[in-house]
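Shown next, in structure tokens, is the structure this report addresses.
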Amino acid sequence: RQHEAPRRVKRAWVIPPISVSENHKRIPHLLVQIKSDKQQPGGVIYSIKGPGVDEEPLGIFSIDKFSGKVFLNAMLDREENDRYRLRAFALDLGGVTLEDPTDLEIIVVDQNDNRPLFRQDVFTGRVVEGAEPGTCVMTVDATDADDPDTDNAALRYSILEQGAAAMFSINASTGEICTARPGLDRETTGVYNLTVQAADMSGDGLTTTAMAVIYLEDINDNPPEFTKEEFSMEVEEQAAGVDVGKVFVHDKDLAGSPGWLAKFTILEGDPEGAFAIRTDPHTNDGVLSVVKPLDHEVRDRFELTLSVQNERPLEPSAPGSPRALATVRVRVRDVNEAPVFRENPRRISVLEGTPPGTAITTYTASDPDTHQMQTLSYALLYDPADWLQLDPHAGTVRTKRELLHPSAFLQGGWYIALLLARDDAEPPLSATGTLSIEILEVNDHAPQLQQPAGMLCGRPGRGGTLLLGATDDDRPPHGAPFHFQLSPQHPQLARNWSIARFNGEVTHAVLAVLAELPEGPYSLPLLLRDSGTPPREQRQLLNVSVCHCGRDGTCQDGVLAAATAGAGITLGALLIILGSSVLLLVLAALGAARVRGRRRALRKGLLQRSRDDMRDNILNYDEQGGGEEDQDAYDINQLRHPELFSPRAKPPLRRDAPLSSGTPMAPRKLPSGPSDIEDFINEGLEAADSDPSVPPYDTALIYDYEGSGSVASPLSSIVSSLTDEDQDYDYLSEWGPRFRRLADLYG
């Protein structure tokens, strides 16, 4: 195979870049002529396409299609478009491409047609006053739309105007503004306004200006000073927590800044600390106030020495100056003051039972207004028990009635009263004083037996004891422990009886039988003594009923004397009494039926003789007093035949009478006739009631309350029926051997 020889290829047409200056004013302007190497006999048709031709912006460039000349039809602006890239075409008359399209680049040459522009019209900076030279404050900068690669955009900065002092300088290349010399003082000039300039062409071209505002920041380089050396003020006495006045200061530093706030101090003239001074945060003035009440009578004038300084210390660069001082003269104005009780409360002690009219204290107040002639008067403001009376002029307190203890008006043994003191000023002022009176206990009560009667078994060691208790109206230490003993005036009692303390109790003792005693009532004189100072003692009579002892040491049924009374009665004794009451009511019903049969005879008079002596109807059912022996005191024969009994006859001796009782000094005179029987009975009753040596056995006895919930039926259920037909007595058999006889009779 035969190889073809290499052929030479002709280079395509090439158009070098075309430069044209912006803002070219001669229009149209020939830029270049293009020509194709392939000329045809009929000629070549040229055309161009691209921005500025058939693309925006339209109509800037055009071409002569026959000659290939390219024209500029409008002024160019490099800042809008710095170059244009077009495509050139060569065609024959038939429209066939003769050569490949080629690039046509048009470069717009820059001209210095743009001034520099600052980024803002006003630049702001801050620097502390007194800053050292070379302290940079701020930077101003500008831009230029021209070609940065040419001098058209080479900027230089300068300060056109800043005042005569020329305190600042600017870097021509960077635009940085710094301090040029010392002496910046905010109090002299607080703000600097600089006019700065930017110029292109390295400072020789187009220029522009802007404002640079520099504020000086305050430092504490000026101490505060008083506006004057002396101030005068006035305040009322007894006023506390009030403002007296202001002291005025001046500080050249910036108002409201930390270096402006003042701090005041009272150096002299107030040793008691009656005044205080604070700073008004809005005006920076000192406000003087009173913190303790002032007394015009003690001191009517004050002369205070004040100093002032900043809360923050002065800067080291500040010039030295002495501390600012001022004198404040304060006059204390006199006003009416209320009286004062120097001792409040007043505490005193008074014995209970102090007689009325006794002066217990003089409680007075003093008037602080010594320079005014005023008179004080007194009144009782609070006296809940109405125990006191008060002298309105002297303030002397006296008792109005006896101070009793205990009382509902006492609080822990103290009685509280309030006194009012008032002056005679206009308007009057008053004060209240508290009088605390301690009512001291006096041993004015002797102990009393809690149960003046009791019963016990008459055999030693087997129930032969009785618990005794005592009470005392006095408070400790004038009460318990109590001392019980048999009356020393009757030593023979110690043969049969003994008293000992009960298990260490301070209010109880035990009465014990030492020898076997016969059944019956006994009256034992006792001596009771308290532990007061001095001790109080009292002789009291203890009525003891001795019963027959059962196997278990308790009293047997039917043997107890009904004279036993008080809390010493046991449950068994109470049941016996209830059973006896049932029997007594049945007999009373029978007697009432018998009396109704004799009503007609009774209408004729109690003293009229008849077949049946009416006095036989006096029935002695069960006298609740002295027992069987007591029947002699009411012998009916004395009423029927008073002439048979002589006044010289010795009355029968009652075994239940106290050992100290004796025969009556003057026997009663017997009635001369039956018509005087009523008077005779009344006289006997009066004599018995007037005899203090024996209990009133001829009166109804009152039994102690044994509490609610008793197993026994109420007496009202017994009284409600006069016959045993309405009662069911079968339950008596369930009450034990003591009620066996009653169960046999009524069950």
Subject >> Subset of the stretch 291-308 that is acidic (Asp, Glu) and either modelled with pLDDT under 85 or exposed (fewer than 15 other Cβ atoms within 10 Å of the Cβ) (or both) - its residue that is nearest to Gly269 (Cα to Cα) >> reply: Glu303
Original post:
On the given criteria, is Leu86 buried (at least 17 other Cβ atoms within 10 Å of the Cβ) and without any contact (Cβ under 8 Å) to a residue 40 or more places away in the chain?
Top reply: yes
Original post:
Taking the condition in the same structural domain as Arg87 (by the TED database) and within 19 Å of Asp103 (Cβ to Cβ), does Glu22 pass?
Top reply: no
Subject >> Residue that is surrounded by the fewest Cβ atoms within 10 Å (Cβ to Cβ), among those in the stretch 403-454 that are among the small types (Gly, Ala, Ser) and over 17 Å from Tyr382 (Cβ atoms) >> reply: Gly412
Original post:
What residue, of Asp100, Asp77, is open to solvent by 30 Å² or more (accessible area, probe 1.4 Å), part of a loop (DSSP other than H, G, I, E, B), under 16 Å from Ile27 (Cα atoms) and touching a residue at least 12 places away in the same chain (Cβ under 8 Å)?
Top reply: Asp77
Subject >> In the stretch 137-157, residue most open to solvent (accessible area, probe 1.4 Å) [restricted to those that are under 15 Å from Ala172 (Cα atoms) and among the hydroxyl-bearing types (Ser, Thr, Tyr)] >> reply: Thr139
Original post:
For the stretch 241-281, what are the residues that are of a type in the set (S, T, N, Q) and more than 14 Å from Phe226 (Cα to Cα)?
Top reply: Ser257
**OP:** For the stretch 309-360, name all the residues that are charged (D, E, K, R) and surrounded by 17 or more Cβ atoms within 10 Å (Cβ to Cβ).
**Re:** Glu337, Arg346, Glu352
Subject >> Top-ranked residue of the stretch 361-378 - restricted to ones that are out of contact with any Asp or Glu (no Cβ under 9 Å at 6 or more places or on another chain) and open to solvent by 30 Å² or more (accessible area, probe 1.4 Å), ranked as nearest to Val340 (Cα to Cα) >> reply: Ser366
**OP:** Scan the stretch 163-193 for residues that are touching a residue at least 60 places away in the same chain (Cβ under 8 Å) and surrounded by 16 or more Cβ atoms within 10 Å (Cβ to Cβ) and jot them down.
**Re:** Arg186
**OP:** Tell me, yes or no, whether the stretch 117-134 has at least one residue that is in a loop (DSSP other than H, G, I, E, B), of a type in the set (A, V, I, L, M, F, W, C) and farther than 30 Å from Ser36 by Cβ.
**Re:** yes
Original post:
Given the structure, is Leu288 part of a strand (DSSP E or B), under 42 Å from the mean Cα position of the chain (by Cα) and crowded, with 18+ Cβ neighbours inside 10 Å?
Top reply: yes
Original post:
Of (1) over 24 Å from Phe302 (Cβ atoms); (2) open to solvent by less than 60 Å² (accessible area, probe 1.4 Å); (3) not hydroxyl-bearing (Ser, Thr, Tyr), Lys252 satisfies all except one. Which?
Top reply: (2)
**OP:** Select from the stretch 509-530 the residues that are open to solvent by 50 Å² or more (accessible area, probe 1.4 Å) and under 58 Å from the mean Cα position of the chain (by Cα) and list them in ascending order.
**Re:** Arg529
**OP:** Can you tell me which residue among Ala425, Ala431, Ala408 is touching a Lys or Arg at 6+ places or on another chain (Cβ under 9 Å) and of a type in the set (A, V, I, L, M, F, W, C)?
**Re:** Ala431
Subject >> Residue, modelled with the lowest pLDDT, within the stretch 441-483, restricted to residues that are polar (S, T, N, Q) and closer than 23 Å to Gly413 by Cβ >> reply: Asn443
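The values are calculated or read from the model by the stated rules, or taken from the named source; none is laboratory data. This structure is a prediction, so every number in the text was calculated from the model and none was measured. Reconstructed Cβ throughout: ideal geometry from the backbone, glycine too, with neighbour counts over all protein chains shown. Side chains are part of the model used for accessible areas, which takes the heavy atoms of the whole protein and leaves out ligands, DNA and RNA. Shrake-Rupley method; radii C 1.70, N 1.55, O 1.52, S 1.80 Å.
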